[in-house]
1. So in the stretch 52-84, with the set limited to residues that are in a helix (DSSP H, G or I) and of a type in the set (Ser, Thr, Tyr), which one is most open to solvent (accessible area, probe 1.4 Å)?
2. Looking at 373, 446 in this structure, which one is away from the ligand (no atom under 12 Å from the Cβ) and not acidic (Asp, Glu)?
3. Just wondering, is there one or more residues in the stretch 85-95 that are open to solvent by less than 50 Å² (accessible area, probe 1.4 Å), more than 18 Å from the chain's Cα centre (by Cα) and at negative phi?
4. Name the residues in the stretch 449-475 that are at pLDDT 95 or above, open to solvent by less than 50 Å² (accessible area, probe 1.4 Å), away from the ligand (no atom under 16 Å from the Cβ) and out of contact with any strand residue (DSSP E or B) (no Cβ under 7 Å at 6 or more places or on another chain), would you?
5. I'd like the full set of residues that are open to solvent by 40 Å² or more (accessible area, probe 1.4 Å), touching a residue at least 24 places away in the same chain (Cβ under 8 Å) and part of a strand (DSSP E or B), limited to the stretch 102-135.
6. Filter the stretch 24-51 down to the residues that are open to solvent by less than 90 Å² (accessible area, probe 1.4 Å), farther than 12 Å from residue 169 by Cα and part of a helix (DSSP H, G or I) and list them by number.
7. Can you pull out the residues in the stretch 4-23 that are aliphatic (A, V, I, L, M) and either buried (at least 19 other Cβ atoms within 10 Å of the Cβ) or closer than 23 Å to residue 312 by Cβ (or both)?
8. For the list (1) within 23 Å of residue 259 (Cβ to Cβ); (2) in the same structural domain as residue 263 (by the TED database), I need the number of the one condition that residue 403 fails.
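The values are calculated or read from the model by the stated rules, or taken from the named source; none is laboratory data. Note that this is a predicted model, so its numbers are computed, not measured. Don't worry about glycine lacking a Cβ; one is built from the backbone with ideal geometry, like all the others, and counts go over all protein chains shown. Remember, those area values only see protein heavy atoms, side chains included, never the ligands or the DNA or RNA. Shrake-Rupley method; radii C 1.70, N 1.55, O 1.52, S 1.80 Å.
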Amino acid sequence: MKELLKHKDISFEKVENAIAVTNPYNLEVLAYVKKTSVSELEEIIKSSQIAQKNWREKTALQRADILYKWYELMKKHKESLAKIMTLEQGKSINEARGEVDYSASFIRWFAEEARRVDGDILTSVRNDQKLLVTKEPIGVTAAITPWNFPSAMISRKAAPALAAGCSMILKPASQTPLSAYALANLAYEAGVDENLFVVINGSASQISKCFCDSKIVKKISFTGSTEVGMLLYEQSAKTMKKLSLELGGNAPFIVFDDANLDKAVDGILASKFRNSGQTCVCANRIYVQEGIYDKFSQMIAKAVAKLEVGDGLKESTKQGPLIDEKAVLKVEEHIKDALNKGAKCLLGGKTHKLGGTFFEPTVLQDVTQDMLVAQEETFGPLCPIFKFQTDEEVVEFANNTDFGLASYIFTTSVSRQFKISQALEYGMVGVNTGAISNEVAPFGGVKFSGLGREGSKYGIDEYTQLKYTCLDIGE
Ligand code: NAP
C-alpha cells in the first residue's frame, strides 16, 4: 500500500507545517502531506500550461490509450486503493472497493469518449461557404474535491479533462488527500506527465483564490458544499471562468401505498445509509403514504437495526465512523430539533458505544416539514420518516427546498412513475431504485445543487469549448 503513496509531498514521519491525515476510526496519524504555498502554485500553473500544450498535440487515440492504461492500473491495485480509502475516510472496505470500481469506470468511459470529441459541418446559408464547428480543449483546469468520495470525485473530473486534451491541478479535501496521490501515481505510471495532472494541498481558501484569480486557469470543477460553491462562482467572475459545481442535496425518497415495500426498504438502505449517510445523493427525507406509514416505518427500523457498525476494515462492517466531530454535532442537532418538535425515535438516536465519531443508525417517525431535517442536508445516518396523503401534497413537500440534486420514488403505477418524476424539480430521479450513479449517466443537480453534469456523453463538454470556422471557398 505504501508503494502507491511514494510521493515527494507525502511523509510518514512527523513534519512541521504539514497536514496530518488521520484515521477517523482511531484518530491515528496516517501520514503528513505538504502544504503548497501560493507562489509554488503559481509556478505549478505555468508548468501545467506547458504540459497541456504538449498533451493537446497528441492524437485522441494516444490520449485514450494512456487513460485506458490508467484504468487497468486502478483495477490491478484495487485492494490497496480501497484500503487507503477506508483508512483515511472510514467507509467500510466493501464500499471502498465499490468506490474504486466506480472511480475506475469514469477513466475507462472517458478513455472511450476521448475518440469521439466530434464537431459538426453545418448546412451553410451560402453555396460558397463551409461552416465548421470543432470542439477544442479549454486548457488548464483546476478541481477541488470533497472527502466523502476520495477517489470517484477526482476521476469524474480528471478523466474527462485529460480525454479532452486539458491539464488539471487538483486540490483534494484535506481530510482525504492520500487516495488522490495514489490515483495520481498510477496516472504517472500509465504515461500521464507529472505536470499534466498535479495534486496539491494546503489552505483551501488561498488555493482556490489563486485558481480563481489566474487568467491561465480556464475552468474550475468543484464538488462540495453549496456555500463554498457560491463563493467560487463569485470569485471567478472577474476571470470569466467556465465552472462545474456539484453541490449539496436534500433528496426526497417517496414511497407510495402501491410500492413494492421490500424493494423500497432496500432502496433506503442503499441511498440513505451508504457511507454512513455521508453522500450528496443520500435520501434526506423519507416520505411515506399514510396507508402504509406504520407498517413501512417498522420495516425500515427492522432492516436498519441489522447494520453492523464498526471498523471499516472489518469485512462485515456496514457503517464506519463519521468523518469528524462536526458531522456528529449536525446529526445530533437534527435529532434534537425533531424530537423537540414531536418526532418519535424508533431506533438509535445517539452516539455509538464504540465512541469516537461512531453514531447509531437512527430512524425517526412523525417527522414534519417544520423540522430542520426537512430543509437541511443531515449528512449522517439519520432516517427521518414523514407522512403524506396525496400525490400533489408530496410533490409540494419534495420540491419545497433550495436544493435539486437526487430524488427517488417508489411506486408500481407506471402513470405515477412518469407524472411524479416529471413534477420533481431535481437533476436526477431514481424510480424504484436507490442506486442511480454510474459512469454512463449525467450526474448533476439544479437550483442550489449546482451547474453542469459529470460522467456520461455530456461530461466531456465541460472541458471543451466550441470553435466556429467559416470557410469561404468562392473565387
Ligand atoms: P466543503 O467544505 O465545501 O469542502 C469541499 C472542498 O472544498 C474541500 O476540498 C475543501 O478543502 C474545499 N474548501 C473548503 N473551504 C473552501 C473555501 N473557502 N474555498 C475554496 N475551497 C474550500 O464540503 P465537504 O463538507 O467536504 O463535503 C460535503 C458537501 O459536498 C456536501 O454538501 C455534499 O452534498 C457535497 N457533495 C456534492 C456532491 C455532488 O456531486 N453534488 C458529491 C459529494 C459531495 P479542505 O478540505 O481543505 O477544507
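1. Going through the qualifying residues, I end up with 68.
2. Details: 446 fails: away from the ligand (no atom under 12 Å from the Cβ).
Going through 373, 446 in turn, the sole match is 373.
3. Yes, because at least one residue in the stretch 85-95 is open to solvent by less than 50 Å² (accessible area, probe 1.4 Å), more than 18 Å from the chain's Cα centre (by Cα) and at negative phi.
4. The answer is 460, and nothing else.
5. Across the stretch 102-135, the qualifying residues are 130, 132, 134, 135.
6. 38, 39, 40, listed by residue number.
7. Once the filter is applied, which keeps residues that are aliphatic (A, V, I, L, M) and either buried (at least 19 other Cβ atoms within 10 Å of the Cβ) or closer than 23 Å to residue 312 by Cβ (or both), the stretch 4-23 yields 4, 5, 10, 19, 20, 21.
8. So residue 403 meets the others, but not (1).
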